[in-house]
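Trainee: This structure is in structure tokens; I'll ask about it shortly.
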Amino acid sequence: MNKLLFSLLILLLIAGCTERINVNLDNSYIRLVVDGGITNDSMLQSVSISKTASYFYNQPPPMVSHAIVTLSDGSFLDTLVEELPANPGIYTLPKKFRGVIGKTYGLDIKLPEVIGNAAEYSSICKIMKVARLDSIQAEFNPDMGKNGHWLIKIYAQEPGDEMNFYLLRYYRNGVLMSDSIQKWSTSDDKFFNGSYIKGLTAFRINNGNPWETLHPGDTLLVQMSGITKEYYDFIQEVQQAGYQIPFFSGPPANVEGNISNGGVGFFTAYSNSFAKLVIPTK
Amino acid sequence: MKFFYYCCFLLLPLMSPGAYALPDNVKKHTISGKVTDKTDGESLVGATVFVREMKTGTTTDQYGRFSLTLPEGIYNIVFSFIGYTSSPLEITLNKDISLKMELATEQKELQEVVVRSDRNDQNVVKPQMSVFKMDIHTIQKIPALMGEVDVIKAIQLLPGVQSVSEGSSGYSVRGGAPDQNLILLDEATVYNASHLMGFFSVFNNDAVKDVKLYKGDIPANYGGRLASVLDVRMDEGNSKGYEVNGGIGIISSRITIEGPIKKEKCSFIVSGRRTYADLFLPLSSNKALQNNRLYFYDLNAKINYEINDNNTIFLSGYFGRDVFSNQFAKMSWGNGTGTFRWNHVFSKKLFFNLTSVYSDYRYLLGTPDGTSNSFQWNANLKDFGIKGDFSWYINPKNTLRFGGAVTYHMINPGTATGTGSETVFSSIQVPKNYSIESGLYASNEQKIGSHLVATYGVRLSLFQSIGPGTVYHYTPNHVVIDSAVYKTGIIYNTYGGIEPRLGLLYDFNGKSSVKASYARTYQYLQLAQNSSAGTPLDIWFPASPNIKPQIGDQVALGYFRNFRHNTIETSVEVYYKWMQNVIDFKNFAQLLLVDTLEGQVRTGRGYSYGIEFLVRLNEKIVSGWVSYTYSRSFRNIPEIQANPYPAPYDKPNNISVVLNFQVAKRWSISANWVYATGAPVTFPTGRATVAGKVIPIYSERNAYRYQDYHRLDLAVTFSSKEKPKRKFSWDLNFSVYNAYNRHNTWSINFVQDNVDPNVTYAEKIYLFGIIPSVTFNFHFKHE
């Protein structure tokens, strides 16, 4: 909802002019960065571990290898394995694993050397339940913008028992189109807690962008995930980070994750629900 | 009740006979009256009434009235006002006299016949400091963005005042936040003074008479804000003849009609303006643009009625709206204010004003109906207030001002509702809140000996939250524990404050003076906004059980000296300011449509200091001012950052040059140049990559600065020939904003490259390059 407000405000902006500039920046100390998590299905079972770099580093993030990474749910479950030399810094669960809704999982990282101010980091996250996606619809609105927009709408019964937070991503013909955090959609249930979500617009796709628009015959898959409030806030903060619009951006601040000892990033755990649609011929 | 005692206590010393400085055996009489403009009958505010024999005098109040008590005798009294011909008058004072003095505007053709030594030395001899008054003619000469001359943009050129961001109507006074400025239009509070996202202010020049900015030393009759008071007065209308004034600019036009309803007794003024950039949109070939709306309009109206010598009433109102809509969104916002005022003269020495005000600020934001995401968000803020002010010219040595005010505030932070049948949204109502703010004050201006004037007073303020209301209780970590709901009419929270106001003036024989002041102020209402430029989506929130009132203390010391028959005024002022309970917000605060806003507020202390140098010119050929300010402003809010950090308005070095040259009878050239140290900003000092996005790791709050800001604006005005009895006159104004096309930083974004996501770069946004414009103004007069 608030995201919607902000996108409306952006439309109001009198377009300013931009130019690239050089800025001299200092370097702060190196911190550990954790990114990844687990789900209640086989969608995600890995974390990546890297280090921060100077702001204009302009290379892939320096990965951290040879860490001991373990998953627990109060008691030890498994060790995540790094596949070397193919994927340094990516640690994956070796066996098929399914998280359980309502359970809290812990991630423990032991580093071969101190990074930041610690050699051991940990994090916990609970798997929240998700509203079951009934169906989705793709609607073409020719009046929006120059070439029209596709609106992807979702239909689901909101459980309504507590404050729920949702993450939405979509796939076109099996390819994840919401391929960076910037393209993810999120929603809380403030406006429809406990009621039937009847066609909330989750994505708006510009038909003028050939790399993302839809065509008859395309298979569209929407993934809806039930996430924790902390992860919801984290996504929102990451999406805002770096951009300053003086009309409504607050002062820039570090994104808050859930990694101990001043680590950056998030270890997440969530449940998924899917709905599929083949775009009909007109 | 307590307040009453305080007031009695304050008045006591004045009641005792000892307070009268003149010996009792000399007979005294009072001269009182009004000073007005000869051509249109409007009262002159701050005109000087000088008694040559006594080398003393007074100035007229906001309504052009004065009162002087003198021993019996024959006096030469000189009435004068900037831009008007001084007028001497010999009076034989053997009884109380009431008179009306009309001053004529100085004609450019006339030779200097004026006795210069008697005029406008107020800068030196008035006990008020840290104040800047401008009449509308001064403001109209300043080159402006798109030719739209603007009161607030003029204010931002004064020493000690900073614009919060390029083009914005928000301003910071002596390191204070923009919401710490009280903006009054005919005594009614204007909560949001911006049009078009702040590029223009709500004040229409043609309807404004003068503006006064108090940067410190705030008089006891004002309260409720920490940093400053901007007092804008609307024109009263010509009571002698009809006038039509108007202007046609590139983005807006305006028209003002004024005249007598009953000659010399009752006058009216109606003024309107509208921008019309959007009227050309239907001509656009872009289909999507054709249905866009983007405009604002304003209406000002005032009726002034002088019932008799002792009673004058006026009724004034303002209404303005901004409207924006396109296919995705619609938005509108605006202010409405109304003022009814009764000036009553109880006796030659006791003047009274009764004012009742109404103010309303509202906005809506929404989407067009008929889609699943259709919704509309409404919010508004309403004030009803009543105020009584007395001025009692007790004797030549003492002038006592006292009175009180009560204001009822109603704030609706937001009602968001799904609209249309297809919407998926239900509705949300953020709890409304209600409060009563009251104040009682008394302040005496006392002349002690022939060199010293002391102003001492106190304001007692009271703020009460009344039901219905919901108060959330928080843990020290700002987590909601539970809430309390209060029924209608119940006063569930009360704050009060004692606000001393002191001023001292030592006058070195009328040529130079030293002034010192101390003022304490309380602020009970603040703006929930943590952005630097501000949007129309203002949410004001009051002091409450969770939010303590903000308290400000300011001390200032100044040296004032005039040269060349008071045509050059100079001053140096230093100030130091402490603030308690100042507001900031937690990182990534979510301020819109939340009922637990207070849980996101972080409070602490603030302090600022500075030195301001000002040279103000009032020569025939050259007028304007040059100022240099060095100032710092910090916030110390431990929950934001352990150590103090620069406030967003901390721009240490600041220069303003605002000059107008009357190069020939029909030609005038204006220029202003502003320079300010770049605003403080937080920059990344590292980066992490999460889910494909590079996120910045930031420095300490405001550890870096933008590039320095500077800009030159120019204007040339060509006027029609001045002929006596001519009914129609005009002028043509060409102006250039940002004449040397400097790309001043509005913001800097850190962007991840689209092609290579490993690459990040800094990108500057600037709003304005060089902007030329032309405005045609006309003036029609019928006697």
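The values are calculated or read from the model by the stated rules, or taken from the named source; none is laboratory data. Source: prediction; values computed, not measured. Quick reminder, even Gly has a Cβ in these numbers, built from the backbone with ideal geometry, and neighbours come from all protein chains shown.
Trainee: Out of curiosity, is A:V222 over 13 Å from the mean Cα position of the chain (by Cα), surrounded by 22 or more Cβ atoms within 10 Å (Cβ to Cβ) and more than 12 Å from chain B (Cβ to nearest Cβ)?
Mentor: In short, yes.
Trainee: Among residues belonging to the stretch A:54-71 that are in a strand (DSSP E or B) and surrounded by 22 or more Cβ atoms within 10 Å (Cβ to Cβ), point out the one that is nearest to the other protein chains (Cβ to nearest Cβ).
Mentor: Among those residues, the one meeting the criterion is A:V69.
Trainee: I would also like to ask the following. Within the stretch B:749-783, restricting attention to residues that are in contact (Cβ under 8 Å) with a residue 40 or more places away in the chain, assigned to a strand (DSSP E or B) and facing chain A (nearest Cβ under 7 Å), which residue is surrounded by the fewest Cβ atoms within 10 Å (Cβ to Cβ)?
Mentor: Here the residue is B:Y766.
Trainee: As an exercise: evaluate B:T521 against (1) more than 14 Å from every other protein chain (Cβ to nearest Cβ); (2) under 30 Å from B:N378 (Cβ atoms); (3) of a type in the set (V, I, T); (4) crowded, with 20+ Cβ neighbours inside 10 Å and give the number of the one condition it does not meet.
Mentor: (2)
Trainee: Filter the stretch A:14-46 for residues that are more than 17 Å from B:E763 (Cβ to Cβ), in a strand (DSSP E or B), within 11 Å of chain B (Cβ to nearest Cβ) and out of contact with any Ser or Thr (no Cβ under 6 Å at 6 or more places or on another chain) and give the result.
Mentor: Within the stretch A:14-46, A:L32, A:V34 meet the criteria.
Trainee: Further, regarding this structure: Please go through the stretch B:324-360 and give me each residue that is touching a residue at least 60 places away in the same chain (Cβ under 8 Å) and either of a type in the set (F, W, Y) or not in a strand (DSSP E or B) (or both), ordered by number.
Mentor: Selection gives B:W333, B:K348, B:K349, B:F351, B:Y358.
Trainee: Answer yes if at least one residue in the stretch B:199-220 is within 14 Å of another protein chain (Cβ to nearest Cβ), outside any loop (DSSP other than H, G, I, E, B) and of a type in the set (A, V, I, L, M, F, W, C), and no otherwise.
Mentor: yes
Trainee: Can you tell me how many residues within the stretch B:466-489 are among the β-branched types (V, I, T) and over 24 Å from B:Q550 (Cα atoms)?
Mentor: The qualifying residues number 3.
Trainee: Can you tell me which condition B:V173 does not meet? The list is (1) crowded, with 21+ Cβ neighbours inside 10 Å; (2) under 29 Å from B:T355 (Cα atoms); (3) at pLDDT below 85; (4) not small (G, A, S), and all the others hold.
Mentor: All conditions pass for B:V173, except number (3).
Trainee: Can you tell me which residue in the stretch A:254-273 is farthest from A:L168 (Cα to Cα), limited to those that are more than 11 Å from chain B (Cβ to nearest Cβ) and in a loop (DSSP other than H, G, I, E, B)?
Mentor: A:N261
Trainee: Scan the stretch A:195-203 and give yes if some residue there is in a loop (DSSP other than H, G, I, E, B) and not charged (D, E, K, R), otherwise no.
Mentor: Yes: one or more hits.
Trainee: Ok, one more. State the number of residues belonging to the stretch B:203-235 that are under 24 Å from B:S435 (Cβ atoms) and either of a type in the set (F, W, Y) or surrounded by 24 or more Cβ atoms within 10 Å (Cβ to Cβ) (or both).
Mentor: Counting residues in the stretch B:203-235 that are under 24 Å from B:S435 (Cβ atoms) and either of a type in the set (F, W, Y) or surrounded by 24 or more Cβ atoms within 10 Å (Cβ to Cβ) (or both) gives 9.
Table: residues versus (1) in contact with a strand residue (DSSP E or B) (Cβ under 7 Å, 6 or more places away or on another chain); (2) within 30 Å of B:E783 (Cβ to Cβ); (3) modelled with pLDDT under 95; (4) more than 8 Å from every other protein chain (Cβ to nearest Cβ).
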{"residue": "B:T677", "(1), (2), (3), (4)": "yes, no, no, yes"}
{"residue": "B:T685", "(1), (2), (3), (4)": "yes, no, yes, no"}
{"residue": "B:P696", "(1), (2), (3), (4)": "yes, no, yes, no"}
{"residue": "B:R701", "(1), (2), (3), (4)": "yes, no, yes, no"}
{"residue": "B:V716", "(1), (2), (3), (4)": "yes, no, yes, yes"}
{"residue": "B:K721", "(1), (2), (3), (4)": "no, yes, yes, yes"}
{"residue": "B:F728", "(1), (2), (3), (4)": "yes, yes, yes, yes"}
{"residue": "B:D731", "(1), (2), (3), (4)": "yes, yes, yes, yes"}
{"residue": "B:F734", "(1), (2), (3), (4)": "yes, no, yes, yes"}
